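Let me begin by presenting the structure, written as structure tokens, before commenting on it.
The values are calculated or read from the model by the stated rules, or taken from the named source; none is laboratory data. Keep in mind it's a predicted model, so treat the numbers as computed, not measured. Neighbour counts are summed over all protein chains in view; Cβ atoms, including those assigned to glycine, are modelled from backbone coordinates with ideal geometry. For accessibility, only protein heavy atoms count, side chains too; no ligands or nucleic acids. Shrake-Rupley method; radii C 1.70, N 1.55, O 1.52, S 1.80 Å.
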Amino acid sequence: MHCHIDLYPHPHAIVKECSRQGMFVLSVTTTPKAWEGTKALEVGSKNIFTALGFHPQLVHEREAEMQLFERFFDSTRYIGEIGLDGSKEFRKYIAVQSKIFKYILCMAREDGRKVLSIHSRDSTDLVLNELDGREGISILHWFSGTKAQLAEAVEKGCWFSVGPGQLRTNKGKELFRLMPRNRVLTETDGPFVEMGDRSILPWDIKDCILDICQVWKCSEQEAVMQVLNNLHKLQSNFSLK
Ligand code: MN
């Protein structure tokens, strides 16, 4: 549910292998400018979907690209990576980040059928304050808040995408254990996660399934079925409030 295919050195090779393995990949983008080139990568593959994004770490230097964001908005049901970043380096830009994030959420509410992949690093409260459930389906990617914040996110109807990076830590595992099983999807956040001496690849998601089994105390088949059912539910046309 969250892979930056366009940021690998050989994105076409990644797409080819994902298609060969029949993998579903949500190919997120970080700038509206990257939309057209990244969208072109999915051509010919049935299960790669491209999301229109505007990464909170980049909005302060590219505000003008909001025009492009508006232009491409109706081309996809998937929006991401968007959100807020309150970490030390980016906190100083939180005003412009909030402005853009709020605006995108308004657009999503008008549309009513979007699926959003949301970054909330060091900004969980701020992100949750902006969500009211009418945006569509908000998927908090690599959720790293507290248990209380997780409970609030669940209450607000959020979904979660979890990956090997997150499930490597005890805190990440504990948060995952508390997430509703019917609102969990897998992600790699590649290439920004390392596997030994290389970047994670989409098909490394298999490792994540083993961690999920351990936490859910279930078989590999049960874990795969649950995640696939969740994906189908997300993709189906069930009405969004
Ligand atoms: Mn990402």
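From the gyration tensor of the Cα coordinates in the stretch 47-108, what semi-axes in whole Å does the equivalent ellipsoid have, largest first, with each one equal to sqrt(5λ)?
Numbers: eigenvalues 90, 31, 19 Å².
Rounded to whole Å, the semi-axes are 21, 12, 10.
Quick one: dipole size for the chain, taken about the Cα centre, charges +1 on Lys/Arg Cβ and -1 on Asp/Glu Cβ, in debye to the nearest 20. Intermediate values should be presented prior to the final figure.
Working: 31 positive and 31 negative charges, 91 e Å.
That gives the chain a dipole magnitude of about 440 debye.
Within 10 Å of each candidate Cβ there may be at most 11 other Cβ atoms; applying that plus a DSSP loop requirement, which GluC sites (Glu not before Pro) in the stretch 70-127 survive?
Values: sites: GLU70, GLU81, GLU89, GLU110; in loops: GLU89.
When the GluC sites (Glu not before Pro) of the stretch 70-127 are filtered for loop state and at most 11 Cβ neighbours within 10 Å, GLU89 remain.
Can you give me the C-alpha center-to-center distance between the stretch 96-128 and the stretch 200-239, rounded to a whole angstrom?
Spelled out, the Cα-based centre of one part sits 25 Å from the other.
Any idea of TYR103's accessible area? Nearest 10 Å², probe 1.4 Å.
Counting only protein heavy atoms, TYR103 exposes about 100 Å² to solvent.
What are the residues whose amide H is under 5 Å from the amide H of ILE48, where those residues sit 5 or more places off or on another chain and H is modelled from the backbone?
VAL25
Which percentage, to the nearest 5, of the DSSP beta bridges contained in the chain is antiparallel? Spell out each step's value before the answer.
On the way: 2 of 22 bridges.
Percentage antiparallel, nearest 5: 10.
Subtracting the Cα-Cα distance from 0.36 nm times the residue separation, let me have the gained length for ARG20 to ARG168 in nm, one decimal.
Values: separation 148, 0.36 × 148 = 53.28 nm, distance 2.78 nm.
Extra length available between ARG20 and ARG168 comes to 50.5 nm.
Just to be sure I understand: with springs between alpha-carbon atoms less than 10 Å apart, which residue in TRP203, TRP159, TRP35 has the highest mean-square fluctuation in the Gaussian network model of the chain?
Taking springs between Cα atoms under 10 Å, the residue moving most is TRP203.
Taking every pair of alpha-carbon atoms in the stretch 131-228, give the share separated by more than 16 Å as a whole percent. Working shown, then result.
Details: 2588 of 4753 pairs.
The calculated P(r) of the stretch 131-228 puts 54 percent of pairs beyond 16 Å.
Could you pull the accessible area for LYS99 with a 1.4 Å probe, rounded to 10 Å²?
That residue has around 120 Å² of solvent-accessible surface.
What Rg and what Dmax come out for the chain when only alpha-carbon atoms are used, in angstroms?
Looking at the chain, its Cα Rg and Dmax stand at 16.7, 49 Å.
Starting at the first residue of the stretch 103-117, write each ³J(HN,Hα) from the Karplus equation 6.51 cos²θ - 1.76 cosθ + 1.60 with θ = phi - 60°, in whole Hz, x for Gly and Pro.
Result, rounded to whole Hz: 5, 5, 5, 4, 4, 5, 5, 5, 6, x, 10, 8, 10, 10, 9.
Given H placed 1.01 Å from N in the peptide plane, which residues other than close sequence neighbours of MET195 have an amide H under 5 Å from its amide H?
Residues meeting the amide H criterion: ILE200.
Using 0.36 nm times the number of residues separating LYS233 and PHE72, minus their current alpha carbon distance, what extension gain do you get? Write down the numbers at each step before the final one.
On the way: separation 161, 0.36 × 161 = 57.96 nm, distance 2.50 nm.
Going from the current span to full extension adds 55.5 nm.
May I ask for the percentage of alpha-carbon pairs in the stretch 6-94 that lie more than 22 Å from each other? Mind showing how you got there, number by number?
Numbers: 1258 of 3916 pairs.
Across the stretch 6-94, Cα pairs with separations above 22 Å total 32 percent.
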